[in-house]
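Taking it in order: structure first as structure tokens, then the write-up.
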Amino acid sequence: MDAVMNMFRQRMKLHPEWFRSDRLCFCDSTPSMLWQKDKWKRFLSTKPDGQGLGRWVPGGATDLFEGKAPRFCQTLKKWEVDIDEIYMPWNVKDAHWVALMVSIPKRHITVWDSIPGCLSERLLAKAIEPVAVLLPYLQRLMADIGDRYKYPLDRYTHEYISGGDVPAQDNSSDCGVYCLKFIEYHSLGRLFPKTLCGRNMKAIRAKLAADLYHEINCRGPPERNWEDLDNDI
């Protein structure tokens, strides 16, 4: 997951003209892994101050907000100031990946799921609560002190899109690939194609692997002079 998301991030940094907007941001699985479970409980258990701040924040969250993470591909673009929309893969109960697109101006989260009806509204709301609550908190926390009153701590709204025009997987193991492809197609301003399906999954996985090798300029081992091979014995 992270390798492909980092590839999208690197492409965005080098070729913003490829994407539907130059105000997009790609996150790897770090928020999904570090903002949930015990870390989320710790955030909620910390008593806020009079401004609603003072809570414990998961490590690295402020660096993500300011575009300082990951270090190997810093953008230094601050969410809301330079970034309007954030794409991230999100893991639900250590069993299923969904794609999130967070609109900061709209304070809204779009969720694409490759298993139609997999998540009930109650389960979905609970699963993405760390994003829906922590994003507005970070906006207020990272704002200039005199402007903090402009940023409400109200939870972001969300919508769940599954079935219909959203390609559906036909097994229980391809959700991660669908999640990545949803993010890729939407960020490029393209519709989800019907060719994104189980029948083509082997080729889709191979193409992602080839893209990664191409991105890191991996060309295999150096050429050898096989004519002298027998002389090595």
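The values are calculated or read from the model by the stated rules, or taken from the named source; none is laboratory data. What you are looking at is a predicted structure, and each value in this text was computed from that prediction instead of being measured. A quick note on method: Cβ atoms are made from the backbone with ideal geometry, for glycine too, and the neighbour counts reach across all protein chains shown.
Scanning the range 10-29 for residues that are at pLDDT 95 or above and under 14 Å from the mean Cα position of the chain (by Cα), we see that the one that is nearest to Trp90 (Cα to Cα) is Ser29. Against the conditions (1) farther than 20 Å from Glu159 by Cα; (2) surrounded by 20 or more Cβ atoms within 10 Å (Cβ to Cβ); (3) among the small types (Gly, Ala, Ser); (4) in contact with a strand residue (DSSP E or B) (Cβ under 7 Å, 6 or more places away or on another chain), Ala61 satisfies every one except (4).
Among the residues of the range 138-172, those that are within 22 Å of the chain's Cα centre (by Cα) and either without any contact (Cβ under 8 Å) to a residue 24 or more places away in the chain or in a helix (DSSP H, G or I) (or both) comprise Leu138, Gln139, Arg140, Leu141, Met142, Ser172.
Restricting attention to the range 1-52 and to residues that are without any contact (Cβ under 8 Å) to a residue 12 or more places away in the chain and part of a loop (DSSP other than H, G, I, E, B), the residue that is surrounded by the most Cβ atoms within 10 Å (Cβ to Cβ) turns out to be Asp22.
Looking at the structure I just gave you, is Arg122 among the charged types (D, E, K, R), more than 24 Å from Trp56 (Cβ to Cβ) and modelled with pLDDT of 95 or more? Yes: the conditions hold for Arg122. When every residue of the range 174-185 is checked against the conditions, none turns out to be out of contact with any strand residue (DSSP E or B) (no Cβ under 7 Å at 6 or more places or on another chain), aromatic (Phe, Trp, Tyr) and surrounded by fewer than 16 Cβ atoms within 10 Å (Cβ to Cβ).
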